[in-house]
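Enquirer: First the structure, which I've put down as structure tokens, then a few questions once you've had a look.
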Amino acid sequence: MAKEYRVDLDALDEVVRKLNGVLKDMNGTKGKAGSGTFLPSTSLGKKYVEHEMLHKAHADMKKFIDSEIVAKIEKLVDEFGKKSKKTKEAYDDAEHENKIH
């Protein structure tokens, strides 16, 4: 006798909706990391040796947060969401085929 497996399509659909919500929320985070941390050149003072070094460190950190943290998390969530959606659609199609036959 073959074992039967059941997939809760509503739960899978809910996962996809929640992941899309996470991606939407991530847009705000990305904006804050990029423009919300603007540091005017005069805010650290000027005309001293470490001035340019501090500004470069700040710019490098913004770039790192954007490209190495936020972008990678967005990519991971997006890929998982797409795979979850594709899986749900495959189960929907299989269920539809089973009803027809």
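The values are calculated or read from the model by the stated rules, or taken from the named source; none is laboratory data. Predicted, not measured: the structure shown is a model, and the values here were computed from it. Here Cβ is always computed from backbone atoms with ideal geometry, including for glycine, and neighbour counts include all displayed protein chains. Accessible surface areas use protein heavy atoms only, side chains included; no ligands, DNA or RNA. Shrake-Rupley method; radii C 1.70, N 1.55, O 1.52, S 1.80 Å.
Enquirer: So is Thr37 of a type outside the set (Asp, Glu), farther than 30 Å from Tyr91 by Cβ and not in a helix (DSSP H, G or I) or not?
Expert: Criteria met by Thr37.
Enquirer: Ok, one more. When the residues of the stretch 53-101 are narrowed to those that are touching a helix residue (DSSP H, G or I) at 6+ places or on another chain (Cβ under 9 Å) and hydroxyl-bearing (Ser, Thr, Tyr), which ends up farthest from Arg6 (Cα to Cα)?
Expert: The extreme case among them is Ser84.
Enquirer: With the structure loaded, tell me whether Tyr91 is hydroxyl-bearing (Ser, Thr, Tyr) and part of a loop (DSSP other than H, G, I, E, B) or whether it fails that test.
Expert: In short, no.
Enquirer: Please enumerate the residues belonging to the stretch 19-61 that are in contact (Cβ under 8 Å) with a residue 60 or more places away in the chain and open to solvent by 90 Å² or more (accessible area, probe 1.4 Å).
Expert: Those that are in contact (Cβ under 8 Å) with a residue 60 or more places away in the chain and open to solvent by 90 Å² or more (accessible area, probe 1.4 Å): none in the stretch 19-61.
Enquirer: Continuing with this model, one more query. Within the stretch 75-97, restricting attention to residues that are hydrophobic (A, V, I, L, M, F, W, C) and under 16 Å from Gly21 (Cα atoms), which residue is surrounded by the fewest Cβ atoms within 10 Å (Cβ to Cβ)?
Expert: The qualifying residue surrounded by the fewest Cβ atoms within 10 Å (Cβ to Cβ) is Leu76.
Enquirer: Follow-up. What is the one condition in (1) open to solvent by 100 Å² or more (accessible area, probe 1.4 Å); (2) part of a loop (DSSP other than H, G, I, E, B); (3) of a type in the set (A, V, I, L, M) that Val7 does not satisfy?
Expert: Only one criterion is unmet by Val7, namely (1).
Enquirer: Follow-up question, since we're still on this one. Which one of these is among the charged types (D, E, K, R) and modelled with pLDDT of 85 or more: Glu68, Glu95?
Expert: Step by step, each of Glu68, Glu95 is checked, and only Glu68 is among the charged types (D, E, K, R) and modelled with pLDDT of 85 or more.
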